[in-house]
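Take a look at the structure below.
The values are calculated or read from the model by the stated rules, or taken from the named source; none is laboratory data. The shown structure was predicted, so the numbers you read here are calculated from the model rather than taken from an experiment. Glycine gets a Cβ as well: all are built from the backbone with ideal geometry, and neighbour counts include every protein chain shown. Calculation scope for accessible area: heavy atoms of the full protein, side chains included, ligands and nucleic acids excluded. Shrake-Rupley method; radii C 1.70, N 1.55, O 1.52, S 1.80 Å.
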Amino acid sequence: MDVIEVIKEQLTSNPVILFMKGSPNAPQCGFSARTVQALMACGEKFAYVNILEHPEIREALKTYSNWPTYPQLYIKGELVGGCDIVTELYESGELQGMVKGAAVTE
């Protein structure tokens, strides 16, 4: 399976997935840490991919998403955005609804 197929499979298999540096328990950058905090505060499970352990996904996802930086949050297969967008959505209360809505359809 090529790396784009792997990415598509991850996106279809996980209603909420974060491509990040590190893991939720041990983020490897401040942007990933802030994004994880916002997601965890929503109270729903989410999947993650540590792009530092998967350099092929790290490179291919930039092209796939047309988004050059990490972390990248996807809900229901759609790119939501990076740290700043996720933080803004959380602060406005929108992220909670998006995450809960995705979790309900699991």
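Brief remarks on what is shown
- Candidate lysines for bridging to Lys21, where Cα separation is under 20 Å - those fewer than 8 sequence places away on the same chain excluded: Lys8, Lys45, Lys62
- Measuring nothing but how far apart in sequence close Cα pairs (under 8 Å, 6+ apart) lie, relative to its length, the chain scores a relative contact order of 35 percent.
- Within the chain, DSSP assigns beta bridges of which about 70% are antiparallel (rounded to the nearest 5).
- Neighbours of Ile4, meaning other residues whose beta-carbon lies under 15 angstrom from its beta-carbon, give a summed charge of -2 when Lys and Arg score +1 and Asp and Glu score -1.
- Placing a pseudo-label 7 Å from each Cα along the Cα-to-Cβ vector at Ala103 and Ala47 gives an inter-label distance of 1.7 nm.
- Cα-based Kirkwood hydrodynamic radius, the chain, one decimal, Å: 13.5
- Protein heavy-atom accessible surface, 1.4 Å probe, per residue over the chain: 54 Å².
- Helix-only arithmetic for the chain: the sum of -39500 (n - 2.57) across DSSP H runs with n ≥ 4, divided by the residue total, places the mean residue ellipticity at 222 nm at -15500 deg cm²/dmol.
- The chain - percent of accessible surface contributed by carbon and sulfur, probe 1.4 Å: 51
- Added length on full extension, which subtracts the Cα-Cα distance from 0.36 nm per residue, Asn66 to Met40: 6.8 nm
- Within straight-line reach of Lys100, meaning a Cα separation under 14 Å, sit the following aspartates and glutamates at least 8 residues removed in sequence or on another chain: Glu44.
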